[in-house]
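Notes follow the structure.
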Amino acid sequence: MLRITLLFLVAHVALAQVSNQDLLNPPPENWLTYGGSYDSQRHTKLDEITPGNVKNLQAAWIFPITSTNRLQTVPLVVDGVMYVSAPNEVYALDARSGREIWQYRRANGLNRGPNRGVAVFGNLVYVGTPDAYLVALDARTGTVAWETQIAKTSDGYFSPGAPFVADGKVIAGVGGGDNGLNGWLDAYDAETGKLIWRWYTIPRPGEPGNETWAGDSWKTGGGGTWLSGSYDPELGLIYWGLGNPAPDFDGDIRKGDNLYTESVVALDLKTGKLKWHFQFTPHDVHDWDSVEIPILVDAQFNGRMRKVMAHADRNGFYYVLDRETGEFLHGTPFIDQLNWATGLTPEGRPIRVPGVEPTLTGNFVCPSTSGATNWMSPAYNPVTGLFYLAAKEGCGVSFKGRQEFRPGGFDFKATGYIESPEEPWQMYVRALDLTTGERKWEYMQVNAKSYGAGLISTASGLIFGGDDQGTFAALDARTGAPLWHFETNYRISASPISYAVNGHQYVAVAAGVNIIAFRLPDTN
Amino acid sequence: MFRAIVLIILLAAAAWAQRGVQRNTNPLGSSPEVATAGRALYNQNCTNCHGLDATAGDRAPALAAQRSYNRTSDQDLFDALTKGIPGTGMPALGLSTDDSWRIVAYIRSLRASAADFPPKGDVAQGEAIYNGKGECSTCHTIGGRGGLIGPDLTNLGARSSVRRIREALTVAKPHPPAGYRPVTVHLKDGSMVRGVLKNENNFSLQILGTDDQLHLLSSNEIERMVRDDASLMPSDYDTRLAAEELTNLLAYLSRLVR
């Protein structure tokens with residue numbers, strides 16, 4: 001009998017497939033996409049771990065990945081198997097114990113950029129690589145099913161973002177914007193790896209938007225696609241936040257709005273055609289990428305239900321857009337120290353304060369180039385109606401210089417910034433009202449001065465997050481009160497997830513060199 | 001016989017190592033003129049990655065700031081400039097041999113330690129001031145002797161520049177460095193701990209007390225905590241000491257090496 005049961009379990013895992021239906025309505029026990037669901041709310045329906053019992057939460061297992069000391073992978077879990085990644089590496093783990101099932105290593109891979117996670121569909125696991133390939137691995141063995149080149153490696157591109165699967169297509173992007181390499185988004189056939197469409201983030205001559213670049217500056221305009229996106233199946237639109245223009249700090253040679261850098265774009269999933277765009281920081285000179293994950297919510301706005309998108313930008317403003325049309329509905333700062341704009345126009349365009357641009361001798365700007373938030377994901381709880389994010393308060397000094405573009409993936413920032421030594425830097429978890437952006441509570445992460453983890457929300461009313469001190473904590477979603485913590489003692493730079501195996505809920509996060517999973521003890 | 005061969009090999013190796021030291025010397029020397037020329041070249045070629053004045057590297061090491069890079073030889077620096085560093089973003093710069101050596105001289109000048117070029121002065125009198133009038137040993141340790149609340153100065157001459165040591169003695173810092181921020185903690189049980197904050201987060205604190213003892217506290221034991229913005233390190237040694245005394249103290253501190 002035991003043998004029969006074992007056979008059944010093995011067979012169950014071996015047949016595990018992720019279907020379109022699963023991706024559209026993710027079973028709560030699985031975490032199938034970077035954002036946990038197509039709306040990227042990062043809100044788990046699992047409720048075994050509650051504000052009442054979270055104090056008993058304990059580490060269940062640890063899996064070290066020693067090739068990098070700053071893991072940014074967001075684990076995915078499919079029917080008890082966890083998939084995690086590092087640059088040039090993917091691992092399949094038993095999600096109950098962290099025991100390794102297989103590992104994939106890309107031989108002679110370059111060391112460009114971090115890796116932020118994988119995607120799953122059917123029996124395949126998809127990962128972007130430092131040499132700008134998209135690789136599909138068999139979910140059961142880690143063997144390569146296919147690989148396709150997203151960009152020419154020698155051009156200097158890399159693919160650090162988690163690929164995104166929708167309707168049989170794998171969406172993948174590129175990094176390299178800071179090197180003056182123009183970005184794009186690709187859709188590949190999930191089964192074969194064949195390219196279906198490509199959308200360029202910097203319009204070429206003859207395309208609308210090219211006129212927003214002075215002269216030939218569009219050729220080295222940047223606009224990376226280095227994180228992941230969201231998807232509205234009803235509208236058939238994918239939403240992706242785009243990176244900064246290049247050269248980052250010298251705007252003189254690229255006068256104009258520099259579309260579509262630092263915009264969120266809505267693309268038709270079938271064709272890759274641009275439906276609408278909204279630019280958060282036109283003509284940016286502070287490297288404020290707008291890659292931050294957009295959260296999709298259907299919510300009451302001014303008395304009627306609307307399909308909205310909420311986005312907290314690295315430039316310090318929180319935005320609410322209509323995601324059918326791209327219409328700007330509302331915007332407000334989510335940080336207190338912001339000196340580059342006095343507000344937003346009725347269309348959502350920043351009202352610039354003159355003289356805050358980088359200069360040869362340095363200029364004071366709040367937030368600094370590191371920004372008010374970044375790749376660490378926000379979360380949304382539909383019960384509290386609150387949008388939760390990691391926010392950074394602090395200023396910097398920005399410099400500009402002159403720099404020539406060099407092909408091949410070399411720095412094209414035209415100098416840089418320092419974080420102002422006079423200013424105290426401080427990280428917070430903040431809860432904002434979804435539609436007004438009003439701050440409902442904040443949790444100061446004591447001694448945390450730079451970016452830490454993203455967040456998840458749970459149906460039981462918890463927020464999990466971590467900081468650069470290595471503290472992983474659970475907060476009360478209504479008040480921000482800390483209810484539990486665990487000292488990983490290694491800077492956390494990734495966003496956590498939650499999943500369940502055999503009816504037990506786990507919370508997992510990549511912390512420094514370790515993947516750590518937590519659960520309640522059996523006796524709980 | 002075997003022993004003799006080993007000895008010969010060792011001697012040969014030592015001689016070779018000696019040759020290596022000779023070979024690693026910058027052929028242009030390390031005069032201020034060479035370093036100044038190197039600075040101009042550095043600012044044209046290196047600041048984008050290594051930061052202005054090599055102090056704030058955004059994509060590459062801050063060459064002037066990182067102690068772990070100080071032991072790199074002239075030849076190592078020259079090779080990195082002319083050949084790049086494989087597996088990193090450091091490219092070969094394609095400059096002339098002389099210009100590359102000028103940049104080497106500049107980087108070395110940024111890294112010159114106090115012990116490399118110690119200032120003149122009466123070292124013995126400097127030591128007496130350190131232990132006496134200057135009250136330095138109350139807080140600082142040298143070779144395992146002295147107070148614990150300030151940084152260990154045993155190797156100060158090797159890891160700091162004369163300029164930085166002088167600034168530490170005479171210029172007030174806006175913020176005490178991490179690990180040395182003075183705090184006074186009032187506990188719920190009515191007791192009090194005064195010391196420097198070694199680490200903290202929302203849940204626990206680690207304090208080195210003025211009693212030179214470690215105090216490990218939980219946040220829920222604490223009634224209130226008062227942080228001092230000013231460092232415990234005095235910055236008035238230019239008025240507290242006579243000019244010659246300060247010179248002698250600097251001469252002593254600059255020669256502290258492990």
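The values are calculated or read from the model by the stated rules, or taken from the named source; none is laboratory data. These numbers were taken from a predicted model, which means no experiment stands behind them. FYI the Cβ positions are ideal-geometry reconstructions off the backbone, even for glycines, and counts take in every protein chain you see.
Being under 22 Å from A:Lys413 (Cα atoms), at pLDDT 80 or above and within 12 Å of chain A (Cβ to nearest Cβ) is true for just one of B:Leu93, B:Leu41, B:Leu81, B:Leu52. Which residue is that?
Going through B:Leu93, B:Leu41, B:Leu81, B:Leu52 in turn, the sole match is B:Leu93.
May I ask you to list the residues in segment A:75-118 that are on the phi < 0 side of the Ramachandran plot, in contact with a strand residue (DSSP E or B) (Cβ under 6 Å, 6 or more places away or on another chain) and part of a loop (DSSP other than H, G, I, E, B)?
Those that are on the phi < 0 side of the Ramachandran plot, in contact with a strand residue (DSSP E or B) (Cβ under 6 Å, 6 or more places away or on another chain) and part of a loop (DSSP other than H, G, I, E, B): A:Pro75, A:Ala95, A:Arg96, A:Ser97, A:Arg112, A:Asn115, A:Val118.
Does segment B:135-185 hold any residues that are buried (at least 17 other Cβ atoms within 10 Å of the Cβ) and basic (Lys, Arg), and which are they?
B:Arg159, B:Arg166, B:Arg181
For segment B:25-38, enumerate the residues that are in contact with a Phe, Trp or Tyr (Cβ under 7 Å, 6 or more places away or on another chain) and either exposed (fewer than 13 other Cβ atoms within 10 Å of the Cβ) or within 14 Å of chain A (Cβ to nearest Cβ) (or both).
Listed by number, the list holds a single entry, B:Pro27.
Got at least one residue in segment A:106-113 being touching a residue at least 40 places away in the same chain (Cβ under 8 Å), within 30 Å of A:Phe249 (Cα to Cα) and surrounded by 24 or more Cβ atoms within 10 Å (Cβ to Cβ)?
Initially, segment A:106-113 is screened for residues touching a residue at least 40 places away in the same chain (Cβ under 8 Å), giving A:110, A:112-113.
Retained after the next criterion (residues that are within 30 Å of A:Phe249 (Cα to Cα)): A:110, A:112-113.
Narrowing further to those that are surrounded by 24 or more Cβ atoms within 10 Å (Cβ to Cβ): none.
Checked segment A:106-113: no residue is touching a residue at least 40 places away in the same chain (Cβ under 8 Å), within 30 Å of A:Phe249 (Cα to Cα) and surrounded by 24 or more Cβ atoms within 10 Å (Cβ to Cβ).
Somewhere in segment A:286-295, is a residue crowded, with 24+ Cβ neighbours inside 10 Å and either of a type in the set (S, T, N, Q) or not in a loop (DSSP other than H, G, I, E, B) (or both)?
Yes, that holds for at least one residue.
Report whether or not A:Trp213 is without any contact (Cβ under 8 Å) to a residue 60 or more places away in the chain and surrounded by 21 or more Cβ atoms within 10 Å (Cβ to Cβ). Quick ask: steps written out before the conclusion?
Numbers: without any contact (Cβ under 8 Å) to a residue 60 or more places away in the chain: yes; surrounded by 21 or more Cβ atoms within 10 Å (Cβ to Cβ): yes.
So A:Trp213 fits the description; yes.
Can you tell me which of (1) outside any loop (DSSP other than H, G, I, E, B); (2) away from every other protein chain (no Cβ under 14 Å); (3) surrounded by fewer than 22 Cβ atoms within 10 Å (Cβ to Cβ); (4) out of contact with any Gly (no Cβ under 6 Å at 6 or more places or on another chain) is the one A:Ala390 doesn't meet?
Of (1) outside any loop (DSSP other than H, G, I, E, B); (2) away from every other protein chain (no Cβ under 14 Å); (3) surrounded by fewer than 22 Cβ atoms within 10 Å (Cβ to Cβ); (4) out of contact with any Gly (no Cβ under 6 Å at 6 or more places or on another chain), only one is false for A:Ala390: (3).
Could you check segment A:1-28 and list, in sequence order, the residues that are closer than 23 Å to A:Asp167 by Cβ and either at pLDDT below 50 or not in a helix (DSSP H, G or I) (or both)?
Scanning segment A:1-28 gives A:Leu15, A:Ala16, A:Gln17, A:Val18, A:Ser19, A:Asn25, A:Pro26, A:Pro27, A:Pro28.
Determine if segment A:470-488 includes at least one residue that is modelled with pLDDT under 95, crowded, with 22+ Cβ neighbours inside 10 Å and closer than 13 Å to A:Ala390 by Cβ.
No, the conditions are met nowhere in segment A:470-488.
Counting only residues that are more than 13 Å from chain B (Cβ to nearest Cβ) and either touching an Asp or Glu at 6+ places or on another chain (Cβ under 8 Å) or of a type in the set (D, E, K, R) (or both), which one in segment A:460-469 is surrounded by the most Cβ atoms within 10 Å (Cβ to Cβ)?
Going through the qualifying residues, I end up with A:Ile463.
Taking the conditions exactly as written (in a loop (DSSP other than H, G, I, E, B), away from every other protein chain (no Cβ under 12 Å), of a type outside the set (S, T, N, Q) and touching a Phe, Trp or Tyr at 6+ places or on another chain (Cβ under 9 Å)), does A:Gly480 satisfy them or not? Spell out the reasoning first.
Details: in a loop (DSSP other than H, G, I, E, B): yes; away from every other protein chain (no Cβ under 12 Å): no; of a type outside the set (S, T, N, Q): yes; touching a Phe, Trp or Tyr at 6+ places or on another chain (Cβ under 9 Å): yes.
Against the criterion (in a loop (DSSP other than H, G, I, E, B), away from every other protein chain (no Cβ under 12 Å), of a type outside the set (S, T, N, Q) and touching a Phe, Trp or Tyr at 6+ places or on another chain (Cβ under 9 Å)), A:Gly480 does not qualify.
If a residue has to be under 21 Å from the mean Cα position of the chain (by Cα), assigned to a strand (DSSP E or B) and either facing another protein chain (nearest Cβ under 10 Å) or of a type in the set (Gly, Ala, Ser) (or both) to count, how many in segment A:400-459 make the cut?
2
Give me the strands (runs of 3 or more DSSP E) completely within segment A:158-249, filtered to those with at least 1 residues that are over 20 Å from A:Val125 (Cα atoms) and among the aliphatic types (A, V, I, L, M), ordered by residue number.
Ranges flagged: A:237-241.
How many residues does segment A:119-157 hold that are under 19 Å from A:Leu23 (Cβ atoms) and not in a loop (DSSP other than H, G, I, E, B)?
14
Since A:Arg314 meets every condition but one in (1) part of a strand (DSSP E or B); (2) out of contact with any strand residue (DSSP E or B) (no Cβ under 7 Å at 6 or more places or on another chain); (3) basic (Lys, Arg), which condition does it not meet?
With respect to (1) part of a strand (DSSP E or B); (2) out of contact with any strand residue (DSSP E or B) (no Cβ under 7 Å at 6 or more places or on another chain); (3) basic (Lys, Arg), A:Arg314 is out only on (1).
Could you list, in sequence order, all residues of segment A:47-74 that are more than 22 Å from the chain's Cα centre (by Cα), in a loop (DSSP other than H, G, I, E, B) and touching a residue at least 12 places away in the same chain (Cβ under 8 Å)?
Of everything in segment A:47-74, those that are more than 22 Å from the chain's Cα centre (by Cα), in a loop (DSSP other than H, G, I, E, B) and touching a residue at least 12 places away in the same chain (Cβ under 8 Å) turn out to be A:Asp47, A:Glu48, A:Ile49, A:Thr50, A:Pro51, A:Asn53, A:Leu57, A:Thr66.
Does B:Thr247 meet the test of being more than 14 Å from chain A (Cβ to nearest Cβ) and out of contact with any strand residue (DSSP E or B) (no Cβ under 7 Å at 6 or more places or on another chain)?
yes
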